[in-house]
Amino acid sequence: MTCCNLIYVINKRPVTSTIITKRKNVLLLGSGFVSRPLVDYLARQKDLNLIIASNSKSEATSLIKNHKEIDIVDLDVHNQENLSKVIQGSDVVVSFIPAFLHNIVAETCIKHKKNMVTASYISPAMRELDNKAKQAEIIILNEIGVDPGIDHLSAMKIIDEVKAEGGEVTSFISWCGGLPTPESSEVPLKYKFSWSPRGVLTAALNDALFWMNGKKHKILGGELLKYHFPNVPIDSNFEFEGLANRDSLSYIDTYGLAPLEAKDAMLRGTLRYKGFSDLMYSFLKLGLLETDPVNVQHNSWPDFFDYILFGPSLKTKPTMESRISKIEEKLDLPAKHSFVMEVVNALKDLSLLQDQHQTTTTNLMQPPKTGSLSPLDTFCILLQDKLKYNPGEKDLLVLYHEFEIKLKNGNKKTKTSTLITDGVFGSDKNYTAMAKTVGLPAAIATEMIARVLAPTLPQIYNPVLEKLDYEGIKIKESTIEKGMREKLKWNGSGIWK
């Protein structure tokens, strides 16, 4: 078979429906917070036997407290002998470990001819394993979380329906974002982190390519935050802005929408609350997102920020006035500009700026004393501590597709597909929105692979979407009078020169 995502399965695989009655062994690698919905779902499937392999016994134990029949194995995936042993005894392997480790797992799955599931994007290194996977006659199914994952399923469902009726999708705009709910977002950036912030911060450094109003547009990574979409009108209950997400044009072929030149729009973007992009852009201009390692030790977060502002030549402790003056200079904004004080207040909230009379928060994780880290990686340590979710706080997942459609009779209509769901942190009874929208699609796909000789049912997205709906992840489809395409601008807020 192959290294693929569900779109490949939908479009390319032959029909096979041979059911395997033998009880199958499913191996879960990893025990992070998105694992619990997958564990709970697969534990309900009586013909499946689940084993969890993790390097964190406490995390794995917490996953099985209601499932005593599930075994736990202590595993370091870098130990090739032990990894090979646990994979050899399984039928399907789910990799919920960090994405850069997937290839180690994939190589071992190929060696032992075991199917594999991940929720991550297909990396170039994973794509290079395509021929090996075919020769081993296994499937390595990637991109089966929420984004990527549910976004593919819900998009392809409508695209195929339009084609089946003789119509054509002339514009495709898609937005997705994992955020705190509004009542949990009263923090700098109006954003919180449930795992390492590095991916969110480095995403701001990527180039973006998209098609809008019949033209190709490219935004360089260093200016992505500056040229954000200041208004993304999805739901009146939320004030969203958006960032173009990498290469949207590649999805023309993925979704079978070619030729690009015939489309009015092809855009995939990331949702944030209004204010995120300007504040993050100010962090970039101040130097907090620099990626070159610096071998400097800092005694406190204000010391770290003084180094970022003034560099290694700083000899005496600067005054607050001199810090603010330097911030104005680096932001290239006029003195007393109102946004400068917004940035200053955010820096104070993050413990990077501190008045003389303020005392350091004693329970705040301090900068690392040893090693050589980039400013970005050091900043990540702070953000992960200051902007973490607390027990009882809620997160939100929003996925929105908008299709402009030309019908067979020449008429036009606009159709939307919307998923809005929330969740709770630190609850035994509820999942977080991110955990259930990543864990459940992967669990359902794993169930299908385990039960069917090859996961190649035609229109595989229908059973997945039906099961997601049953599990409470409901996608609403609507026809609207006019879409957002003509309203979308990517000119930012106007603050920056």
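All of the numbers you see were taken from the coordinates with simple rules; none came from a lab. The model shown is predicted, which means the values in this text are computed figures rather than measured ones. Cβ: placed from backbone, ideal geometry, glycine included. Neighbour counts: every protein chain shown.
Based on the Cβ-Cβ distance of LYS315 and LYS22, what FRET efficiency does E = 1/(1 + (r/R0)^6) give at R0 = 60 Å, to the nearest 0.05?
Details: r = 73 Å, r/R0 = 1.21.
Computed FRET efficiency for LYS315 and LYS22: 0.25.
Quick query: amide H of TYR273 versus all other amide H atoms, modeled in the peptide plane; which residues come in under 5 Å with a sequence gap of 5 or more or a different chain?
GLU241
List the residues whose amide H sits under 5 Å from the amide H of GLY145, counting only those 5 or more places along or on another chain, with H placed 1.01 Å from N in the peptide plane.
HN-HN under 5 Å from GLY145: ILE150.
How much length, in nm to one decimal, is gained on full extension between PHE339 and VAL187, taken as 0.36 nm per residue of separation minus their Cα-Cα distance?
Working: separation 152, 0.36 × 152 = 54.72 nm, distance 1.62 nm.
Roughly 53.1 nm would be gained on extension.
Exactly which chymotrypsin sites (Phe, Trp or Tyr not before Pro) in region 169-254 are in a DSSP loop and have at most 14 other Cβ atoms within 10 Å?
The qualifying sites are TRP195.
For P(r) over Cα pairs in 20 Å bins from 0, in percent, which listed value, (1) 17, 36, 13, 8, 11, 11, 3, 0; (2) 16, 27, 19, 19, 13, 5, 1, 0; (3) 21, 52, 25, 2, comes from the coordinates shown?
Matching entry in (1) 17, 36, 13, 8, 11, 11, 3, 0; (2) 16, 27, 19, 19, 13, 5, 1, 0; (3) 21, 52, 25, 2: (3).
Relative to the present Cα-Cα distance, how much length would full extension add between PHE100 and GLU223 at 0.36 nm per residue of separation?
That pair, PHE100 and GLU223, stretches by 41.6 nm at full extension.
Given SER58, LEU48, VAL86, which one lies farthest toward the positive end of the charge dipole of region 3-141, if we put +1 on the Cβ of every Lys and Arg and -1 on the Cβ of every Asp and Glu?
LEU48
How about region 45-119: which trypsin sites (Lys or Arg not before Pro) there lie in a loop by DSSP and see at most 15 other Cβ atoms within 10 Å?
Passing both the DSSP loop test and the Cβ count: LYS46, LYS65, LYS68, LYS113.
Looking only at region 121-162, which residues have a backbone nitrogen under 17 Å from a spot 7 Å from the Cα of LEU407 in the C-beta direction?
159, 161-162
Applying the Karplus parametrisation 6.51 cos²θ - 1.76 cosθ + 1.60 with θ = phi - 60° to the phi angles of region 435-440, what ³J(HN,Hα) value in whole Hz is obtained for each residue in order, glycine and proline being reported as x?
Once θ is set to phi - 60°, the couplings for region 435-440 become 5, 6, 7, 8, x, 5 Hz.
Determine the sum of side-chain charges near ASP349: Lys and Arg each +1, Asp and Glu each -1, restricted to other residues whose C-beta is under 11 angstrom from that of ASP349.
Here the charged neighbours net out to 0.
Below 8 Å between Cα atoms, with a sequence gap of 6+, how large is the relative contact order for the chain in percent? It would help to have the intermediate numbers written out before the result.
On the way: 943 pairs, mean separation 109.3, N = 497.
Once divided by the residue count of the chain, the mean separation gives 22 percent.
To the nearest 0.05, how large is the calculated FRET efficiency for GLU81 and ASP47 if R₀ is 35 Å and r is the Cβ-Cβ distance?
0.70
Under a point-charge model restricted to the Cβ atoms of Lys and Arg (+1) and Asp and Glu (-1), what is the dipole moment magnitude of the chain relative to its Cα centre, in debye to the nearest 20?
About 660 debye.
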